[in-house]
Amino acid sequence: MESFINSEYIRNLIKETENASYDDIEKVLDKASLKKGLSHQDVAILLNIKEEKQLERLHQISFDLKKTIYGDRVVLFAPLYLSNYCVNNCEYCGFKRDNNLDRYRLTLDEVTKEVKALEKIGHKRLAIEFGEDPINNNIDYVTDVIKTIYAAGDIRRVNVNIAATTVEEYKKLKDAEIGTYILFQETYDKDKYKELHGTDSLKSDYDRQLYAHHRAIEAGIDDVGGGVLFGLANDYRFDLIALMIHDEELLDKFGVEFHTISFPRIKPAEGVNLSKYNTIDDETFMKIVSIVRVAKPLVGMIVSTREDHDMRMRLINQGISQISANSSTSVGGYEEDNHGKEQFELGDNLTLLETIKDLIKHGNLPSYCTACYRMGRTGKEFHDQVESLKIAQMCHPNAILTSLEYAIDSKDKELYDLAYPFLIEQIEKIKDEQIKDKVKGYFKRIENGERDLYI
(Lines give C-alpha, C1' and ligand atoms only; values in the text may rest on other atoms or scores of the structure.)
Protein backbone atom coordinates (compact mmCIF):
# COMPACT_ATOMS: atom_id res chain seq x y z
CA MET A 1 0.00 0.00 0.00
CA GLU A 2 1.34 3.44 -0.95
CA SER A 3 1.39 5.64 2.13
CA PHE A 4 -0.80 8.74 2.18
CA ILE A 5 2.12 10.54 3.87
CA ASN A 6 4.54 11.56 1.13
CA SER A 7 7.58 13.07 2.84
CA GLU A 8 9.03 14.55 -0.34
CA TYR A 9 5.71 16.23 -1.17
CA ILE A 10 5.42 17.76 2.32
CA ARG A 11 9.00 19.07 2.29
CA ASN A 12 8.48 20.58 -1.17
CA LEU A 13 5.24 22.20 0.00
CA ILE A 14 7.06 23.76 2.98
CA LYS A 15 9.74 25.09 0.65
CA GLU A 16 7.22 26.42 -1.90
CA THR A 17 5.24 28.32 0.73
CA GLU A 18 8.14 29.68 2.79
CA ASN A 19 8.04 32.95 0.87
CA ALA A 20 4.26 33.37 1.04
CA SER A 21 3.45 37.05 0.64
CA TYR A 22 1.39 39.19 2.98
CA ASP A 23 -1.45 39.03 0.43
CA ASP A 24 -1.17 35.24 0.13
CA ILE A 25 -1.62 34.94 3.89
CA GLU A 26 -4.50 37.44 3.89
CA LYS A 27 -6.36 35.34 1.31
CA VAL A 28 -6.09 32.27 3.53
CA LEU A 29 -7.19 34.26 6.58
CA ASP A 30 -10.19 35.52 4.58
CA LYS A 31 -11.02 31.89 3.81
CA ALA A 32 -10.55 30.94 7.47
CA SER A 33 -12.99 33.66 8.55
CA LEU A 34 -15.77 31.81 6.67
CA LYS A 35 -15.47 29.07 9.32
CA LYS A 36 -15.60 26.25 6.75
CA GLY A 37 -12.13 24.85 7.35
CA LEU A 38 -8.86 24.91 5.42
CA SER A 39 -6.79 22.49 3.34
CA HIS A 40 -3.32 21.33 4.33
CA GLN A 41 -1.98 23.62 1.58
CA ASP A 42 -3.68 26.57 3.32
CA VAL A 43 -2.13 25.47 6.61
CA ALA A 44 1.32 25.46 5.00
CA ILE A 45 0.82 29.11 4.07
CA LEU A 46 -0.44 30.16 7.52
CA LEU A 47 2.63 28.62 9.14
CA ASN A 48 4.61 31.51 7.64
CA ILE A 49 2.76 34.27 9.49
CA LYS A 50 5.32 36.65 10.93
CA GLU A 51 3.55 40.03 10.97
CA GLU A 52 2.03 40.82 14.37
CA LYS A 53 -1.12 42.21 12.73
CA GLN A 54 -1.76 38.94 10.87
CA LEU A 55 -0.97 36.85 13.93
CA GLU A 56 -3.54 38.85 15.91
CA ARG A 57 -6.06 38.33 13.12
CA LEU A 58 -5.41 34.57 13.13
CA HIS A 59 -5.97 34.40 16.89
CA GLN A 60 -9.16 36.47 16.62
CA ILE A 61 -10.61 34.25 13.89
CA SER A 62 -9.72 31.20 15.97
CA PHE A 63 -11.39 32.70 19.05
CA ASP A 64 -14.54 33.62 17.09
CA LEU A 65 -14.74 30.17 15.52
CA LYS A 66 -14.34 28.43 18.87
CA LYS A 67 -17.23 30.49 20.26
CA THR A 68 -19.40 29.73 17.22
CA ILE A 69 -18.91 25.96 17.33
CA TYR A 70 -18.31 25.26 21.02
CA GLY A 71 -19.64 28.35 22.78
CA ASP A 72 -18.26 28.74 26.32
CA ARG A 73 -17.95 24.99 26.92
CA VAL A 74 -14.77 23.26 28.08
CA VAL A 75 -14.93 19.47 28.54
CA LEU A 76 -12.99 18.00 31.48
CA PHE A 77 -11.45 14.57 31.96
CA ALA A 78 -8.71 12.74 33.86
CA PRO A 79 -6.06 10.30 32.64
CA LEU A 80 -5.87 6.98 34.47
CA TYR A 81 -2.61 5.04 34.12
CA LEU A 82 -3.16 1.31 34.53
CA SER A 83 0.26 -0.16 33.78
CA ASN A 84 3.80 1.07 33.11
CA TYR A 85 4.96 -2.25 31.68
CA CYS A 86 6.29 -1.54 28.18
CA VAL A 87 8.36 -3.47 25.64
CA ASN A 88 9.13 -0.36 23.60
CA ASN A 89 12.12 1.92 24.04
CA CYS A 90 10.81 5.28 22.82
CA GLU A 91 13.55 7.80 23.59
CA TYR A 92 11.14 10.54 24.74
CA CYS A 93 9.07 8.47 27.20
CA GLY A 94 9.55 8.07 30.93
CA PHE A 95 8.15 4.52 30.75
CA LYS A 96 10.63 3.31 28.11
CA ARG A 97 11.98 -0.22 28.43
CA ASP A 98 15.54 0.75 29.40
CA ASN A 99 14.49 2.94 32.32
CA ASN A 100 15.09 1.24 35.64
CA LEU A 101 11.54 1.59 36.97
CA ASP A 102 9.44 -0.37 39.39
CA ARG A 103 6.96 -1.89 36.94
CA TYR A 104 3.41 -2.36 38.07
CA ARG A 105 -0.01 -3.25 36.71
CA LEU A 106 -3.16 -2.48 38.67
CA THR A 107 -5.35 -5.36 39.71
CA LEU A 108 -9.06 -5.02 38.95
CA ASP A 109 -9.72 -4.37 42.66
CA GLU A 110 -7.18 -1.54 42.51
CA VAL A 111 -8.87 -0.21 39.37
CA THR A 112 -12.10 0.02 41.35
CA LYS A 113 -10.29 1.93 44.11
CA GLU A 114 -8.87 4.35 41.54
CA VAL A 115 -12.32 4.92 40.08
CA LYS A 116 -13.73 5.63 43.54
CA ALA A 117 -10.91 8.11 44.18
CA LEU A 118 -11.55 9.84 40.85
CA GLU A 119 -15.29 10.00 41.49
CA LYS A 120 -14.61 11.51 44.90
CA ILE A 121 -12.63 14.25 43.14
CA GLY A 122 -15.63 14.72 40.83
CA HIS A 123 -14.52 13.20 37.53
CA LYS A 124 -16.99 11.57 35.13
CA ARG A 125 -14.80 11.08 32.03
CA LEU A 126 -11.54 9.12 31.88
CA ALA A 127 -8.78 8.51 29.37
CA ILE A 128 -7.11 5.22 30.27
CA GLU A 129 -3.41 4.71 29.46
CA PHE A 130 -1.24 1.61 29.13
CA GLY A 131 2.30 0.87 28.08
CA GLU A 132 2.62 -1.64 25.24
CA ASP A 133 3.22 -5.14 26.55
CA PRO A 134 1.48 -8.11 24.86
CA ILE A 135 1.73 -10.18 28.05
CA ASN A 136 1.00 -7.74 30.87
CA ASN A 137 -1.27 -5.36 28.95
CA ASN A 138 -3.04 -7.67 26.54
CA ILE A 139 -6.43 -6.81 25.06
CA ASP A 140 -8.31 -8.97 27.55
CA TYR A 141 -6.79 -7.02 30.44
CA VAL A 142 -7.71 -3.74 28.71
CA THR A 143 -11.33 -4.76 28.16
CA ASP A 144 -11.60 -6.13 31.71
CA VAL A 145 -10.39 -2.75 32.98
CA ILE A 146 -13.01 -0.92 30.91
CA LYS A 147 -15.82 -3.16 32.19
CA THR A 148 -14.55 -2.73 35.76
CA ILE A 149 -14.54 1.06 35.44
CA TYR A 150 -18.11 1.18 34.15
CA ALA A 151 -19.27 -1.22 36.86
CA ALA A 152 -17.45 0.53 39.70
CA GLY A 153 -19.54 3.67 39.89
CA ASP A 154 -20.61 6.67 37.84
CA ILE A 155 -17.85 7.11 35.25
CA ARG A 156 -19.81 7.84 32.08
CA ARG A 157 -17.19 7.76 29.31
CA VAL A 158 -13.93 5.84 29.00
CA ASN A 159 -11.59 6.90 26.22
CA VAL A 160 -8.72 4.52 25.51
CA ASN A 161 -5.08 5.12 24.60
CA ILE A 162 -3.44 1.80 23.78
CA ALA A 163 -0.80 0.84 21.24
CA ALA A 164 -1.64 0.19 17.61
CA THR A 165 -3.22 -3.24 17.19
CA THR A 166 -5.33 -5.41 14.88
CA VAL A 167 -8.87 -5.07 13.57
CA GLU A 168 -9.84 -8.10 15.66
CA GLU A 169 -8.59 -6.50 18.86
CA TYR A 170 -10.19 -3.15 18.01
CA LYS A 171 -13.49 -5.03 17.67
CA LYS A 172 -13.03 -6.16 21.28
CA LEU A 173 -12.56 -2.53 22.32
CA LYS A 174 -15.73 -1.62 20.45
CA ASP A 175 -17.64 -4.38 22.22
CA ALA A 176 -16.36 -3.06 25.56
CA GLU A 177 -18.12 0.25 24.74
CA ILE A 178 -15.13 2.55 24.63
CA GLY A 179 -15.57 6.23 23.93
CA THR A 180 -12.78 7.56 21.69
CA TYR A 181 -9.77 5.52 20.64
CA ILE A 182 -6.71 7.79 20.94
CA LEU A 183 -3.33 7.20 19.34
CA PHE A 184 -0.56 9.66 18.44
CA GLN A 185 1.73 9.12 15.50
CA GLU A 186 4.36 10.92 17.68
CA THR A 187 6.08 12.19 14.50
CA TYR A 188 5.17 11.69 10.85
CA ASP A 189 8.80 12.12 9.78
CA LYS A 190 9.69 8.52 8.92
CA ASP A 191 13.44 8.93 9.43
CA LYS A 192 12.94 10.67 12.76
CA TYR A 193 10.40 8.05 13.78
CA LYS A 194 12.94 5.30 13.13
CA GLU A 195 15.62 7.17 15.08
CA LEU A 196 13.34 7.60 18.10
CA HIS A 197 11.90 4.06 18.15
CA GLY A 198 14.80 1.92 16.95
CA THR A 199 14.29 -1.39 15.20
CA ASP A 200 13.75 -3.81 18.10
CA SER A 201 10.38 -2.67 19.43
CA LEU A 202 6.79 -3.30 18.41
CA LYS A 203 6.40 0.44 17.94
CA SER A 204 9.29 0.49 15.47
CA ASP A 205 6.84 -0.22 12.63
CA TYR A 206 5.92 3.22 11.23
CA ASP A 207 3.12 1.96 8.99
CA ARG A 208 1.57 -0.12 11.78
CA GLN A 209 1.22 3.11 13.73
CA LEU A 210 0.12 5.21 10.76
CA TYR A 211 -2.78 2.98 9.72
CA ALA A 212 -4.02 2.18 13.22
CA HIS A 213 -6.95 4.60 12.98
CA HIS A 214 -7.99 3.03 9.68
CA ARG A 215 -8.14 -0.37 11.36
CA ALA A 216 -10.01 0.99 14.37
CA ILE A 217 -12.68 2.58 12.16
CA GLU A 218 -12.94 -0.60 10.08
CA ALA A 219 -13.56 -2.45 13.37
CA GLY A 220 -16.54 -0.21 14.08
CA ILE A 221 -15.02 2.34 16.45
CA ASP A 222 -16.79 5.57 15.50
CA ASP A 223 -14.56 8.13 17.20
CA VAL A 224 -10.77 8.21 16.89
CA GLY A 225 -8.29 10.78 18.16
CA GLY A 226 -4.85 11.70 16.85
CA GLY A 227 -1.93 14.00 17.44
CA VAL A 228 1.82 14.42 17.46
CA LEU A 229 4.30 15.07 20.24
CA PHE A 230 5.51 18.55 19.36
CA GLY A 231 9.27 18.85 19.69
CA LEU A 232 10.17 15.47 18.22
CA ALA A 233 10.35 16.41 14.55
CA ASN A 234 13.27 18.39 13.15
CA ASP A 235 10.65 20.79 11.73
CA TYR A 236 7.30 21.11 13.50
CA ARG A 237 5.77 22.34 10.24
CA PHE A 238 6.28 18.90 8.71
CA ASP A 239 4.36 17.20 11.50
CA LEU A 240 1.54 19.73 11.48
CA ILE A 241 0.99 19.49 7.72
CA ALA A 242 1.16 15.68 7.89
CA LEU A 243 -1.39 15.67 10.72
CA MET A 244 -3.75 17.72 8.53
CA ILE A 245 -3.21 15.28 5.64
CA HIS A 246 -4.00 12.38 7.99
CA ASP A 247 -7.27 14.06 8.94
CA GLU A 248 -8.12 14.57 5.27
CA GLU A 249 -7.34 10.91 4.59
CA LEU A 250 -9.84 9.74 7.23
CA LEU A 251 -12.49 12.13 5.93
CA ASP A 252 -11.96 10.92 2.37
CA LYS A 253 -11.91 7.20 3.24
CA PHE A 254 -14.52 7.02 5.99
CA GLY A 255 -16.49 10.27 5.95
CA VAL A 256 -15.27 11.27 9.43
CA GLU A 257 -12.38 13.35 10.69
CA PHE A 258 -10.45 12.87 13.89
CA HIS A 259 -12.93 13.22 16.73
CA THR A 260 -10.15 14.92 18.71
CA ILE A 261 -6.65 16.21 18.10
CA SER A 262 -4.31 16.50 21.09
CA PHE A 263 -1.51 19.02 21.53
CA PRO A 264 1.24 17.64 23.77
CA ARG A 265 4.68 19.27 23.91
CA ILE A 266 7.65 17.18 24.98
CA LYS A 267 8.35 17.61 28.70
CA PRO A 268 11.04 16.49 31.17
CA ALA A 269 10.82 12.81 32.11
CA GLU A 270 12.95 10.04 33.57
CA GLY A 271 15.82 9.31 31.19
CA VAL A 272 14.81 12.01 28.68
CA ASN A 273 17.38 14.59 27.55
CA LEU A 274 15.35 17.61 26.44
CA SER A 275 18.39 19.35 24.95
CA LYS A 276 18.38 16.97 21.97
CA TYR A 277 14.84 17.91 20.93
CA ASN A 278 13.42 20.88 19.03
CA THR A 279 11.21 22.27 21.77
CA ILE A 280 8.40 24.60 20.72
CA ASP A 281 8.23 28.08 22.28
CA ASP A 282 4.96 29.43 23.65
CA GLU A 283 4.26 31.89 20.80
CA THR A 284 4.74 29.18 18.17
CA PHE A 285 2.59 26.79 20.18
CA MET A 286 -0.21 29.35 20.36
CA LYS A 287 0.02 29.81 16.61
CA ILE A 288 -0.14 26.05 16.02
CA VAL A 289 -3.32 25.73 18.09
CA SER A 290 -4.99 28.66 16.32
CA ILE A 291 -4.08 27.32 12.89
CA VAL A 292 -5.54 23.89 13.64
CA ARG A 293 -8.72 25.43 15.04
CA VAL A 294 -9.38 27.46 11.88
CA ALA A 295 -8.36 24.52 9.68
CA LYS A 296 -10.50 21.95 11.51
CA PRO A 297 -13.53 23.75 12.97
CA LEU A 298 -15.42 20.55 13.84
CA VAL A 299 -12.62 18.67 15.63
CA GLY A 300 -12.34 18.59 19.41
CA MET A 301 -8.95 19.92 20.55
CA ILE A 302 -7.24 18.73 23.74
CA VAL A 303 -4.47 20.11 25.92
CA SER A 304 -3.32 18.22 29.00
CA THR A 305 -1.71 19.17 32.28
CA ARG A 306 1.67 19.02 30.52
CA GLU A 307 1.03 22.76 30.10
CA ASP A 308 0.90 25.17 33.00
CA HIS A 309 -2.40 26.70 34.07
CA ASP A 310 -1.86 30.13 32.51
CA MET A 311 -0.98 28.62 29.13
CA ARG A 312 -4.03 26.34 29.27
CA MET A 313 -6.35 29.27 29.94
CA ARG A 314 -4.82 31.15 27.00
CA LEU A 315 -5.14 28.14 24.71
CA ILE A 316 -8.82 27.73 25.55
CA ASN A 317 -9.39 31.11 23.90
CA GLN A 318 -7.49 29.95 20.82
CA GLY A 319 -9.50 26.82 20.20
CA ILE A 320 -8.94 24.18 22.88
CA SER A 321 -12.23 22.51 23.80
CA GLN A 322 -11.09 19.76 26.22
CA ILE A 323 -8.62 19.74 29.10
CA SER A 324 -7.49 17.21 31.67
CA ALA A 325 -7.50 18.31 35.31
CA ASN A 326 -6.19 17.14 38.69
CA SER A 327 -4.10 14.64 36.71
CA SER A 328 -1.63 11.96 37.69
CA THR A 329 0.60 10.19 35.16
CA SER A 330 1.83 7.47 37.51
CA VAL A 331 0.19 4.07 37.89
CA GLY A 332 -2.36 4.18 40.68
CA GLY A 333 -1.75 7.91 41.06
CA TYR A 334 -5.08 8.79 42.66
CA GLU A 335 -4.60 6.55 45.69
CA GLU A 336 -1.96 7.22 48.34
CA ASP A 337 -0.21 3.94 47.51
CA ASN A 338 0.57 4.89 43.89
CA HIS A 339 3.17 2.84 42.07
CA GLY A 340 6.26 4.30 40.43
CA LYS A 341 7.27 7.52 38.75
CA GLU A 342 5.18 9.69 36.46
CA GLN A 343 5.43 9.31 32.70
CA PHE A 344 6.32 12.99 32.32
CA GLU A 345 6.49 16.16 34.40
CA LEU A 346 3.19 18.00 34.95
CA GLY A 347 2.82 21.72 34.39
CA ASP A 348 -0.58 22.30 36.01
CA ASN A 349 -1.08 20.88 39.50
CA LEU A 350 -4.34 22.61 40.38
CA THR A 351 -7.10 20.47 41.84
CA LEU A 352 -10.25 19.87 39.82
CA LEU A 353 -12.16 22.17 42.16
CA GLU A 354 -9.62 24.96 41.65
CA THR A 355 -9.67 24.40 37.89
CA ILE A 356 -13.46 24.60 37.67
CA LYS A 357 -13.58 27.76 39.75
CA ASP A 358 -11.01 29.39 37.51
CA LEU A 359 -12.82 28.32 34.34
CA ILE A 360 -16.04 29.92 35.56
CA LYS A 361 -14.25 33.10 36.65
CA HIS A 362 -12.95 33.39 33.08
CA GLY A 363 -16.43 32.90 31.61
CA ASN A 364 -15.94 29.26 30.60
CA LEU A 365 -18.62 26.61 31.13
CA PRO A 366 -17.17 23.35 32.53
CA SER A 367 -18.73 20.24 31.01
CA TYR A 368 -18.85 16.56 31.89
CA CYS A 369 -21.45 15.86 29.22
CA THR A 370 -21.39 12.34 27.75
CA ALA A 371 -24.85 12.41 26.17
CA CYS A 372 -23.76 12.08 22.54
CA TYR A 373 -21.81 8.92 23.26
CA ARG A 374 -24.71 7.32 25.10
CA MET A 375 -27.36 8.53 22.62
CA GLY A 376 -25.41 7.16 19.65
CA ARG A 377 -24.48 10.57 18.28
CA THR A 378 -20.99 9.43 17.28
CA GLY A 379 -18.84 9.11 14.17
CA LYS A 380 -20.40 10.52 11.00
CA GLU A 381 -23.65 11.48 12.73
CA PHE A 382 -21.71 13.54 15.28
CA HIS A 383 -19.62 15.11 12.49
CA ASP A 384 -22.75 16.07 10.52
CA GLN A 385 -24.53 17.50 13.56
CA VAL A 386 -21.51 19.58 14.57
CA GLU A 387 -21.24 20.86 11.00
CA SER A 388 -24.89 21.94 11.04
CA LEU A 389 -24.43 23.49 14.53
CA LYS A 390 -27.31 21.31 15.80
CA ILE A 391 -25.05 19.63 18.34
CA ALA A 392 -24.47 22.92 20.17
CA GLN A 393 -28.18 23.07 20.95
CA MET A 394 -27.69 19.95 23.08
CA CYS A 395 -24.09 20.32 24.29
CA HIS A 396 -24.62 23.72 25.90
CA PRO A 397 -27.65 22.65 27.99
CA ASN A 398 -25.96 19.38 28.99
CA ALA A 399 -22.84 21.27 30.09
CA ILE A 400 -25.02 23.45 32.31
CA LEU A 401 -26.58 20.41 33.95
CA THR A 402 -23.28 18.60 34.57
CA SER A 403 -21.77 21.79 36.03
CA LEU A 404 -24.70 22.06 38.40
CA GLU A 405 -24.19 18.45 39.48
CA TYR A 406 -20.53 19.14 40.25
CA ALA A 407 -21.26 22.41 42.08
CA ILE A 408 -23.78 20.69 44.36
CA ASP A 409 -21.85 17.47 44.92
CA SER A 410 -18.57 19.27 45.66
CA LYS A 411 -20.19 20.71 48.79
CA ASP A 412 -17.96 23.75 48.32
CA LYS A 413 -19.94 26.90 49.17
CA GLU A 414 -17.56 29.22 47.33
CA LEU A 415 -17.99 27.23 44.11
CA TYR A 416 -21.76 26.99 44.49
CA ASP A 417 -22.09 30.73 45.08
CA LEU A 418 -19.90 31.34 42.03
CA ALA A 419 -21.51 28.75 39.77
CA TYR A 420 -25.21 29.21 40.49
CA PRO A 421 -25.69 32.72 39.03
CA PHE A 422 -23.30 31.87 36.18
CA LEU A 423 -25.37 28.81 35.25
CA ILE A 424 -28.61 30.81 35.38
CA GLU A 425 -27.03 33.25 32.91
CA GLN A 426 -26.03 30.32 30.71
CA ILE A 427 -29.63 29.05 30.68
CA GLU A 428 -30.80 32.44 29.44
CA LYS A 429 -28.42 32.10 26.47
CA ILE A 430 -30.38 29.07 25.19
CA LYS A 431 -32.30 30.26 22.13
CA ASP A 432 -34.69 27.35 21.70
CA GLU A 433 -37.51 28.00 24.17
CA GLN A 434 -38.56 24.34 24.38
CA ILE A 435 -35.02 23.26 25.24
CA LYS A 436 -34.70 26.15 27.69
CA ASP A 437 -37.88 25.08 29.51
CA LYS A 438 -36.67 21.48 29.60
CA VAL A 439 -33.31 22.54 31.06
CA LYS A 440 -35.05 24.63 33.72
CA GLY A 441 -37.06 21.57 34.70
CA TYR A 442 -33.98 19.36 34.81
CA PHE A 443 -32.14 22.04 36.78
CA LYS A 444 -34.74 21.87 39.55
CA ARG A 445 -34.73 18.07 39.53
CA ILE A 446 -30.94 18.03 39.95
CA GLU A 447 -31.26 20.51 42.84
CA ASN A 448 -33.72 18.03 44.37
CA GLY A 449 -31.23 15.16 44.17
CA GLU A 450 -31.63 13.56 40.71
CA ARG A 451 -28.50 13.03 38.59
CA ASP A 452 -27.44 12.27 35.04
CA LEU A 453 -30.19 14.14 33.24
CA TYR A 454 -29.39 15.19 29.69
CA ILE A 455 -30.89 16.34 26.40
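The values are calculated or read from the model by the stated rules, or taken from the named source; none is laboratory data. This one's a predicted model, so the numbers in the text were calculated from it and none came from an experiment. Glycine gets a Cβ as well: all are built from the backbone with ideal geometry, and neighbour counts include every protein chain shown.
Name the one entry in R125, R208 that is out of contact with any Asp or Glu (no Cβ under 8 Å at 6 or more places or on another chain), among the basic types (K, R) and either buried (at least 21 other Cβ atoms within 10 Å of the Cβ) or not assigned by TED's automatic domain parsing to the domain that holds G94 (or both).
R125
Scan I162, I155 and give me the residue that is farther than 19 Å from E335 by Cβ and β-branched (V, I, T).
Being farther than 19 Å from E335 by Cβ and β-branched (V, I, T) holds for just one of I162, I155, which is I162.
Considering V294, V256, V272, which residue is of a type in the set (A, V, I, L, M), surrounded by 19 or more Cβ atoms within 10 Å (Cβ to Cβ) and not in a loop (DSSP other than H, G, I, E, B)?
V294
Could you check, for the stretch 170-193, whether at least one of its residues is assigned by TED's automatic domain parsing to the domain that holds I280, under 22 Å from Y92 (Cβ atoms) and surrounded by fewer than 16 Cβ atoms within 10 Å (Cβ to Cβ)?
So far as the stretch 170-193 goes, yes, one or more of its residues are assigned by TED's automatic domain parsing to the domain that holds I280, under 22 Å from Y92 (Cβ atoms) and surrounded by fewer than 16 Cβ atoms within 10 Å (Cβ to Cβ).
Do we have any residue at all in the stretch 271-291 that's within 23 Å of S3 (Cα to Cα) and within 18 Å of the chain's Cα centre (by Cα)?
No - not one qualifying residue is present in the stretch 271-291.
Counting only residues that are more than 18 Å from Q318 (Cβ to Cβ) and of a type in the set (S, T, N, Q), which one in the stretch 27-47 is nearest to the chain's Cα centre (by Cα)?
It comes out as S39.
Considering only the stretch 142-149, I want to know if a residue exists there that is closer than 23 Å to F254 by Cα and modelled with pLDDT of 95 or more.
No, that holds for no residue.
Looking at (1) surrounded by fewer than 23 Cβ atoms within 10 Å (Cβ to Cβ); (2) β-branched (V, I, T); (3) outside any helix (DSSP H, G or I), which one does I245 not meet, given that it meets all the others?
Among (1) surrounded by fewer than 23 Cβ atoms within 10 Å (Cβ to Cβ); (2) β-branched (V, I, T); (3) outside any helix (DSSP H, G or I), the lone unmet condition for I245 is (3).
Give me the pairs, please: first residue somewhere in the stretch 42-56 and under 20 Å from R11 (Cβ atoms), second residue anywhere and polar (S, T, N, Q), beta-carbon distance under 8 Å, and either six or more positions apart or on two chains.
A44/T17; I45/T17; L47/T17; N48/T17; N48/N19
I need the full set of residues from the stretch 13-26 which are assigned to a helix (DSSP H, G or I), over 30 Å from the mean Cα position of the chain (by Cα) and not aromatic (F, W, Y), in order please.
K15, E16, D23, D24
Can L101 be described as of a type outside the set (D, E, K, R), in contact (Cβ under 8 Å) with a residue 60 or more places away in the chain and not in a loop (DSSP other than H, G, I, E, B)?
No.
Within the stretch 436-455, count every residue that is touching a residue at least 40 places away in the same chain (Cβ under 8 Å) and surrounded by fewer than 14 Cβ atoms within 10 Å (Cβ to Cβ).
The total comes to 2.
Would you check if N398 is modelled with pLDDT of 80 or more and under 30 Å from T107 (Cβ atoms)?
no
Just name the residue that is surrounded by the fewest Cβ atoms within 10 Å (Cβ to Cβ) out of those in the stretch 395-435 that are in a helix (DSSP H, G or I) and of a type in the set (S, T, N, Q).
Looking at the filtered set, the residue picked out is Q434.
Which is modelled with pLDDT of 95 or more and either out of contact with any helix residue (DSSP H, G or I) (no Cβ under 8 Å at 6 or more places or on another chain) or acidic (D, E) (or both), of A219, A164, A176, A212?
After applying the criteria, what remains is A212.
Does V115 fit the bill of being assigned to a strand (DSSP E or B), in the same structural domain as R306 (by TED's automatic domain parsing) and in contact (Cβ under 8 Å) with a residue 40 or more places away in the chain?
no
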